[in-house]
Each structure stands twice: as structure tokens, then as C-alpha cells.
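Worksheet for the structure shown next.
The values are calculated or read from the model by the stated rules, or taken from the named source; none is laboratory data. Computed from a predicted structure; not experimentally measured. Don't worry about glycine lacking a Cβ; one is built from the backbone with ideal geometry, like all the others, and counts go over all protein chains shown. Accessible surface areas use protein heavy atoms only, side chains included; no ligands, DNA or RNA. Shrake-Rupley method; radii C 1.70, N 1.55, O 1.52, S 1.80 Å.
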Amino acid sequence: GAIHFAALKAVGESVEKPLLYYNNNSAGTLSVLSAIAQSKCRRFVFSSTAATYGEPTTMPIREDTPQLPINPYGWSKLVSERMALDLRAALPDFSCALLRYFNVAGAAANGTLGEHHDPETHLIPVILQAALGQRKKVVLFGDDYPTPDGTCIRDYVHVEDLVDAHIVVMQALQPGDARAYNLGIGNGYSVKEILDAARQVVGRPFEIEIGPRRAGDPPELYADPSKIQNELGWKARRTDIAQTIESAWRWHQAHPRGYEA
Ligand code: UDP
């Protein structure tokens with residue numbers, strides 16, 4: 001089987017450089033699927049995203065919630081999902097699993113692997129960079145959303161739970177399957193809750209500035225992950241947000257320059 005993880009994943013950048021996203025993410029998936037079609041490989045597990053749902057009107061998000069992306073990143077992944085489904089229809093023994101990640105967070109418990117993007121745009125690593133003195137402050141993108149504390153709510157799933165899900169899914173795939181699963185913990189944390197938890201974990205002050213909303217950020221996104229639990233028995237185990245942040249904090253402290261030499 002093949003697992004296709006590689007992609008660009010910054011929403012804002014995808015708005016600025018849409019063709020880069022279609023080229024890297026959609027055409028990249030086309031290349032992988034073309035190679036699979038010409039090989040003996042018949043199982044395909046794909047890293048998709050909650051961004052394919054856009055701004056759903058119902059919460060939590062189910063796999064049959066309509067997919068209508070609101071940015072090129074989400075579209076580049078939805079196009080990739082479509083290609084895999086169409087290939088499945090054409091190749092009877094091919095099977096695919098479309099795994100729709102929510103907000104992936106945390107680092108490997110053994111300290112070896114963590115999260116490094118350049119530029120960094122994701123909330124938890126941005127906070128940890130501020131705590132390390134690598135950036136002046138954390139800008140909170142909007143505190144006037146229609147949520148209990150006014151900040152956006154997301155579903156933060158630990159990367160090691162995600163790894164477990166890929167193994168379970170790959171082992172379950174049967175010829176002809178086309179499966180889609182949400183990978184999330186099933187409840188959301190607000191940006192303020194993440195900031196509070198992170199402050200406890202890092203035990204040092206960092207500056208927070210309330211800024212304007214970021215374009216394309218829906219108020220609330222969290223998964224209904226019951227389909228994969230019911231069908232395959234997977235559910236997120238590492239659901240304590242403080243522990244998730246702590247795993248990332250250990251990695252960021254040990255690797256202040258990420259994967260740079
Ligand atoms: N966010 C923020 N400041 C930052 C980065 C993110 O307030 O510097 C907010 C963002 O508006 C969203 C949440 O944190 O509500 C998670 O954003 P992230 O970029 O980590 O993931 P996304 O939800 O875009 O995939």
C-alpha cells in the first residue's frame with residue numbers, strides 16, 4: 001500500500017499562490033496515483049483535511065457533511081480525493097481511504113519528531129516560538145466570534161493518534177473499498193483555551209495581542225469521529241490538550257531551529 005502525506009498546507013499562502021497549491025497538492029497526487037496505477041500497489045491512504053468541508057452549517061462535522069471548500073488549499077485536497085475515487089471506480093481491485101485531518105498537534109513522545117514549518121503559521125508552534133523568544137508576540141486572530149469566549153474553536157488531534165489511525169486504516173482496506181474518515185478528538189478548544197493551557201505548560205510569560213480576524217477562519221470546526229470508531233475501533237487517546245502542548249514544547253525546546261542544521 002501507499003500513504004501519500006506530502007503537501008503544502010498553509011491556507012493563507014494558498015490564497016496568494018493558488019496554482020502552487022494545485023500543482024504541488026493536486027498534480028502531485030495525480031503523479032502518485034499514476035505511479036500506483038502502473039504498479040502492483042492497490043491500496044492508497046491519503047492525507048486529506050477538514051478544510052474540504054469549508055464552513056459547514058452543522059456541527060460536529062460528519063463524513064457526509066457537504067464538502068465545499070472556501071480556499072484553494074481545501075480545493076486542492078478535494079480534487080485529490082476526487083481523483084482517488086475516480087481511479088477506484090475504474091480499477092476494481094484498487095482501494096482508497098481519504099483521511100480528513102482536523103488540527104494536527106503535538107510531537108513524538110520519544111522526542112525525535114516534531115513540527116517545523118517555514119514560515120510558521122499554526123497556533124501551537126507560534127505560541128511556543130513566542131515562549132522561546134523567537135517571536136515578539138502571539139497575535140490572536142479575532143476575539144469577536146460568535147463562540148462562548150469570542151475566539152475560534154478547533155479540534156486538536158495528537159499526531160501520534162493520527163499515526164495509529166493510518167495503520168488501522170491500511171490494515172482494514174479491502175479491494176474495491178472507498179472510505180472516508182474524520183480524524184479528530186470530537187470536541188473543540190478555543191484559541192483562548194489553547195493560550196491558557198500553553199501558559200501553564202511553558203511556565204513563562206509571552207505577549208499576546210488581539211488582532212483582526214484572519215480571512216477564511218470559520219468560528220467553529222470540530223469532528224464527529226464516530227465513524228472510524230464504529231467501523232475500525234480507532235479513537236483518539238491523547239486528548240488532554242496540556243499534554244499535547246507539552247509534547248510539542250519538549251520538542252521545540254530541544255530543537256529551537258527545527259530541522260535546520
Ligand atoms: N490563530 C491565531 N493566531 C495565530 C495562528 C492561529 O489566533 O498566530 C488561530 C486561528 O485563527 C485559528 C486557530 O488559531 O482559529 C488555529 O489556527 P491554525 O493556523 O493553527 O490552524 P487552522 O485551523 O488554520 O488549520
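Of all residues in segment 117-139, those satisfying the criterion of being in contact with a helix residue (DSSP H, G or I) (Cβ under 8 Å, 6 or more places away or on another chain), in a loop (DSSP other than H, G, I, E, B) and more than 11 Å from the ligand (Cβ to nearest atom) are Leu132, Lys136. Restricting segment 96-116 to residues that are buried (at least 21 other Cβ atoms within 10 Å of the Cβ) and assigned to a loop (DSSP other than H, G, I, E, B), which is nearest to the chain's Cα centre (by Cα)? Selected residue: Phe102.
A single member of Leu173, Leu162, Leu99, Leu91 is in contact with a Lys or Arg (Cβ under 7 Å, 6 or more places away or on another chain) and over 17 Å from Val11 (Cβ atoms), and it is Leu173.
Only one residue in Glu193, Glu246 is at pLDDT 95 or above, in contact with a helix residue (DSSP H, G or I) (Cβ under 7 Å, 6 or more places away or on another chain) and open to solvent by 70 Å² or more (accessible area, probe 1.4 Å), so which one is that?
None of the other options fit; the residue is Glu246.
Selection of segment 96-116 for residues being within 15 Å of the ligand (Cβ to nearest atom) and β-branched (Val, Ile, Thr) yields only Val104. There is at least one residue in segment 9-27 that is part of a loop (DSSP other than H, G, I, E, B), within 16 Å of the ligand (Cβ to nearest atom) and of a type outside the set (S, T, N, Q). Checked against (1) part of a helix (DSSP H, G or I); (2) under 24 Å from Arg154 (Cβ atoms); (3) open to solvent by 70 Å² or more (accessible area, probe 1.4 Å), Glu55 meets all criteria but (1). With respect to being of a type in the set (A, V, I, L, M, F, W, C), surrounded by 20 or more Cβ atoms within 10 Å (Cβ to Cβ) and touching a residue at least 12 places away in the same chain (Cβ under 8 Å), Ala6 falls outside the description.
For segment 38-52, a residue qualifies if it is touching a residue at least 60 places away in the same chain (Cβ under 8 Å) and surrounded by fewer than 20 Cβ atoms within 10 Å (Cβ to Cβ), and exactly one does: Arg42. When the helices (runs of 4 or more DSSP H) confined to segment 140-234 are screened for residues that are within 15 Å of His122 (Cα to Cα), those reaching at least 2 such residues are found at 191-202.
I need a count of the residues in segment 205-239 that are under 15 Å from Tyr156 (Cα atoms) and surrounded by fewer than 12 Cβ atoms within 10 Å (Cβ to Cβ). Residues flagged as under 15 Å from Tyr156 (Cα atoms) and surrounded by fewer than 12 Cβ atoms within 10 Å (Cβ to Cβ) within segment 205-239 amount to 1. Within segment 238-255, the presence of at least one residue that is in a loop (DSSP other than H, G, I, E, B) and not charged (D, E, K, R) is confirmed. Restricting attention to segment 158-193, the residues that are over 14 Å from the mean Cα position of the chain (by Cα) and of a type in the set (Ser, Thr, Tyr) add up to 2. Scanning segment 177-222 for residues that are within 11 Å of the ligand (Cβ to nearest atom) and free of Cβ contacts under 8 Å to residues at least 40 places away in the same chain turns up just one, Gly188.
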